[in-house]
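Some notes on the structure that comes next.
The values are calculated or read from the model by the stated rules, or taken from the named source; none is laboratory data. This is a predicted model, so every value here is computed, not measured. In this analysis, Cβ positions are derived from the backbone assuming ideal geometry, glycine residues included, and neighbour counts consider all displayed protein chains. Ligands, DNA and RNA are stripped out before the accessible areas are found, and what is left, the full protein with its side chains, is counted by its heavy atoms. Shrake-Rupley method; radii C 1.70, N 1.55, O 1.52, S 1.80 Å.
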Amino acid sequence: MTKLHSQTLAETGFASRVPAPKSMKRLANMITAGAIAVSLLLASAVPVRAAGRDDLAKALIAAIVIGALLNSAKKSHADPAPAPQPVQRPRLPDVCAIDIDSQRRVFSGNCLQREGFDHNLPQRCASEARIYGRPDRIFGADCLRGAGFRVSGR
């Protein structure tokens, strides 16, 4: 067995996947082909001495059976999977942004709560601070951007 190398665990799992058993589509196609073969065999075994109306009725029944089998084979095709939608990253409200020394931007934890921002913020981005004399937790914009949040401005 060869060892597979990849960048991510998902690629490794995809590359080392064991082939799946026969699919339902393949099974449906095999059953349809078998039914067509049996119906053609039975249609050819009809005695030749049948009257003209009986031949027409048998041909009509055979056509109906073949049409139904072909219709069921068309319906067995699964619709393609919908395309994955991009993940919407939560956007931090601009009203909670505080610029410090025009070089660093932070977001006030108390303000984010008041604005109804209910996403879990990473604690590694948090620092204790006092804003207008009140204790608060501030979150660095660069750290939050790195954690997947959308931050406007700098």
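Can you work out which of the residues in segment 121-154 that are in a strand (DSSP E or B) and of a type outside the set (D, E, K, R) is nearest to residue 108 (Cα to Cα)? For segment 121-154, the residue satisfying everything is 138. Exactly one residue out of 37, 43, 68, 62 is of a type in the set (A, V, I, L, M, F, W, C), touching a Leu at 6+ places or on another chain (Cβ under 9 Å) and either at pLDDT 75 or above or open to solvent by less than 90 Å² (accessible area, probe 1.4 Å) (or both): that is 62.
Residue 125 - would you say it is surrounded by 14 or more Cβ atoms within 10 Å (Cβ to Cβ) and touching a Lys or Arg at 6+ places or on another chain (Cβ under 8 Å)? When the stated conditions are applied, residue 125 does not pass them. What is the residue count in segment 129-154 for residues that are surrounded by fewer than 13 Cβ atoms within 10 Å (Cβ to Cβ), in contact with an Asp or Glu (Cβ under 8 Å, 6 or more places away or on another chain) and either among the hydrophobic types (A, V, I, L, M, F, W, C) or free of Cβ contacts under 8 Å to residues at least 12 places away in the same chain (or both)? Within segment 129-154, residues that are surrounded by fewer than 13 Cβ atoms within 10 Å (Cβ to Cβ), in contact with an Asp or Glu (Cβ under 8 Å, 6 or more places away or on another chain) and either among the hydrophobic types (A, V, I, L, M, F, W, C) or free of Cβ contacts under 8 Å to residues at least 12 places away in the same chain (or both) number 2. Got at least one residue in segment 79-93 being exposed (fewer than 13 other Cβ atoms within 10 Å of the Cβ), of a type in the set (Lys, Arg) and modelled with pLDDT under 75? No: zero hits.
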